[in-house]
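One structure is given below, encoded as structure tokens.
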Amino acid sequence: MFSKSQQEEISRLVNKIYEEKAIESIKENIRIPVLSPEYDPDFLTNGLIDKTINMGKQWLENLGLEGLETKIVKCPKTQTPLLYALIKSNKIEEQKKEEKEEKKLPEKEKGNEKEKTHEEEKEKEEKIKNILLYSHADRMPVNPNLWTVTDPREPIVKDNKLYGRGTCDDVYGLYANSIVIYVLQQMGLPHDNIHLILESEEESGSQNLFSILDTLDLPDIDFAVIMDGGGPNDEHFWVTTSVRGLINGVLSVDVLKSGVHSGDGTGIIPSPFRISRLLLNRIEDEKTGEIKLKELNCEIDEEMETMMENNLPFLQQTIEEKFPWVDKEKPIVVSHNKHELVRNNFFGPGLEITGCEGLPNLKKASNVCRAQLKLKLSIRLPPVVEIQPVIDSLKQNLEKNPPYGANVEYKPLIACQGWLCKTFDKRIESAANRASLKFFGAQYKKLSFGTSLPLLYNLSLKFPNSQILLTGAGTPDSSPHGPNEFIELSFLKNCTSCVTQIIGELSQWK
């Protein structure tokens with residue numbers, strides 16, 4: 001456990017390093033117009049991802065961390081880079097310093113004590129744990145025309161909020177993770193082996209993350225912190241207990257080799273738009289938005305219901321404030337039952353059309369029957385639903401017996417499994433509550449997310465003994481992936497302080 005003075009020192013050092021160094025470095029990072037590889041076909045030649053990863057490496061090396069080893073590893077298949085850093089445990093060295101100050105051995109006992117100490121050191125080396133700290137460097141595309149506070153690549157601080165593309169998702173993650181170790185070392189506190197990872201394709205589904213990790217030959221991870229989450233407000237320390245799965249795919253409908261005059265074709269040629277609509281009706285109820293396919297649904301258990309009830313007071317407000325409604329007084333929602341909305345978003349499937357090819361914009365729309373239509377389908381899945389049966393069901397239901405005999409294909413692009421957090425052991429639970437009480441004035445809150453984080457399920461498979469803490473400084477109005485994205489700096493500092501104390505407590509000798 002940490003003393004009150006130690007907690008205050010954590011807060012002081014965290015604030016100091018952010019104000020003196022980290023915020024300016026984050027700004028410099030945001031100015032790099034990097035995108036995730038899926039959205040940047042030229043990422044291999046424009047050097048933007050490499051520049052961002054190298055900047056992260058330089059930041060770590062300039063912090064002066066003891067026991068730091070860094071290297072950049074590239075996926076053999078795609079050449080996407082990953083920054084890996086090992087910060088070796090200082091636990092034995094810190095204990096030696098304490099013992100040296102506490103006692104001096106008589107000369108006649110030194111020989112036996114030396115042998116005993118060697119055995120004890122060997123035993124303690126085996127007790128050193130391995131902690132993984134994760135964040136990602138890639139970002140989503142941006143439309144500067146929608147930004148009103150600043151240009152997305154020109155970060156500014158306004159009202160204690162740092163604006164810019166990637167501020168909330170997830171530029172701050174590397175800085176928060178590294179500051180945790182920096183503060184512990186500055187305070188002379190012990191920490192376990194830290195394995196720090198900065199990924200470059202999370203927004204593209206982390207397709208190659210684990211093939212890269214396999215080349216690193218990491219030891220078994222005991223505890224992992226994923227700094228890429230948040231909660232419905234900045235007044236609590238939020239820990240995510242589940243995320244939904246995701247399948248992105250393209251539905252293609254072809255009826256002609258090329259477009260024809262609509263006067264000649266209508267009444268004879270079926271519209272690919274109407275065919276697409278009929279196909280989508282097979283998987284989604286067009287009136288309610290409910291997903292019809294049983295493979296995409298799951299039972300809601302008692303634990304899920306309890307968690308929703310506990311957090312509904314926080315979520316009721318954010319449902320109304322989270323989104324930029326046309327009329328804030330009359331939100332356009334699928335239901336006015338807020339419990340149902342939360343249930344849908346946390347544990348239900350959902351379909352959204354996120355892209356379209358085959359329809360011109362309005363200025364170029366002429367009287368032509370369209371030859372083909374492609375729709376990008378983004379489907380969120382309940383945390384416990386398995387991916388492969390869903391892919392099989394979607395492909396079968398969308399492609400079988402196509403209306404009018406049209407050429408129809410469904411091609412999955414990105415698929416990631418959802419994730420349920422296993423119950424924390426007592427040490428983690430207690431450490432998280434103590435840290436949250438200090439830096440937020442209340443015990444930490446558990447919450448599910450309707451979003452997806454591809455690495456979580458695979459991380460739990462690769463390191464089945466690890467406990468995973470997904471947290472972060474995102475809030476609903478932080479607008480990740482959207483215009484005017486920002487990070488609230490006080491919230492970020494408090495989250496960083498919480499994780500510092502948690503890792504510090506877990507690293508103490510049992």
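The values are calculated or read from the model by the stated rules, or taken from the named source; none is laboratory data. Because the structure is a prediction, the values reported are computed rather than measured. Glycine also receives a Cβ, built like all others from the backbone with ideal geometry; neighbour counts cover every protein chain displayed.
For Ala432, the test of being modelled with pLDDT of 95 or more and in contact with a Leu (Cβ under 8 Å, 6 or more places away or on another chain) is passed.
For first residues located in the stretch 378-399 and within 9 Å of Glu295 (Cα to Cα), partners that are modelled with pLDDT of 95 or more and among the acidic types (Asp, Glu) and lie 6+ apart or on another chain with Cβ distances below 7 Å form the pairs Pro389/Glu295; Val390/Glu295; Ser393/Glu295. Just to be sure before I move on: is Glu66 loosely packed, with under 14 Cβ neighbours inside 10 Å, within 30 Å of Phe439 (Cα to Cα), charged (D, E, K, R) and modelled with pLDDT of 95 or more in the structure I sent? For Glu66, the condition - loosely packed, with under 14 Cβ neighbours inside 10 Å, within 30 Å of Phe439 (Cα to Cα), charged (D, E, K, R) and modelled with pLDDT of 95 or more - is met. Residue-level check: of (1) surrounded by 18 or more Cβ atoms within 10 Å (Cβ to Cβ); (2) assigned by TED's automatic domain parsing to the domain that holds Pro272, Ala431 misses just (2).
Residues to consider are Leu351, Leu359; find the one that is loosely packed, with under 15 Cβ neighbours inside 10 Å, out of contact with any helix residue (DSSP H, G or I) (no Cβ under 7 Å at 6 or more places or on another chain) and of a type in the set (A, V, I, L, M).
Details: Leu351 fails: loosely packed, with under 15 Cβ neighbours inside 10 Å.
Testing whether each residue is loosely packed, with under 15 Cβ neighbours inside 10 Å, out of contact with any helix residue (DSSP H, G or I) (no Cβ under 7 Å at 6 or more places or on another chain) and of a type in the set (A, V, I, L, M) leaves just Leu359.
Those residues that are among the charged types (D, E, K, R), in a loop (DSSP other than H, G, I, E, B) and either out of contact with any helix residue (DSSP H, G or I) (no Cβ under 9 Å at 6 or more places or on another chain) or free of Cβ contacts under 8 Å to residues at least 40 places away in the same chain (or both), I need them from the stretch 137-162; list them, please.
Step one: filter the stretch 137-162 for residues among the charged types (D, E, K, R), giving 138-139, 151, 153-154, 158-159, 161.
Those left that are additionally in a loop (DSSP other than H, G, I, E, B): 138-139, 151, 153-154, 159.
Across the stretch 137-162, the qualifying residues are Asp151, Asp159.
So, Gln58, is that one out of contact with any helix residue (DSSP H, G or I) (no Cβ under 7 Å at 6 or more places or on another chain) and either closer than 18 Å to Tyr84 by Cα or surrounded by 14 or more Cβ atoms within 10 Å (Cβ to Cβ) (or both) or not? So Gln58 fits the description; yes. Of all residues assigned to the stretch 356-364, at least one qualifies as being in contact (Cβ under 8 Å) with a residue 24 or more places away in the chain and in the same structural domain as Ser252 (by TED's automatic domain parsing).
The residues on offer are Val333, Val342, and the sole one that is β-branched (Val, Ile, Thr), closer than 23 Å to Asn233 by Cα and not in a loop (DSSP other than H, G, I, E, B) is Val342.
Of the numbered criteria (1) part of a loop (DSSP other than H, G, I, E, B); (2) under 18 Å from Leu133 (Cα atoms); (3) free of Cβ contacts under 8 Å to residues at least 12 places away in the same chain, the one Leu453 fails is (3).
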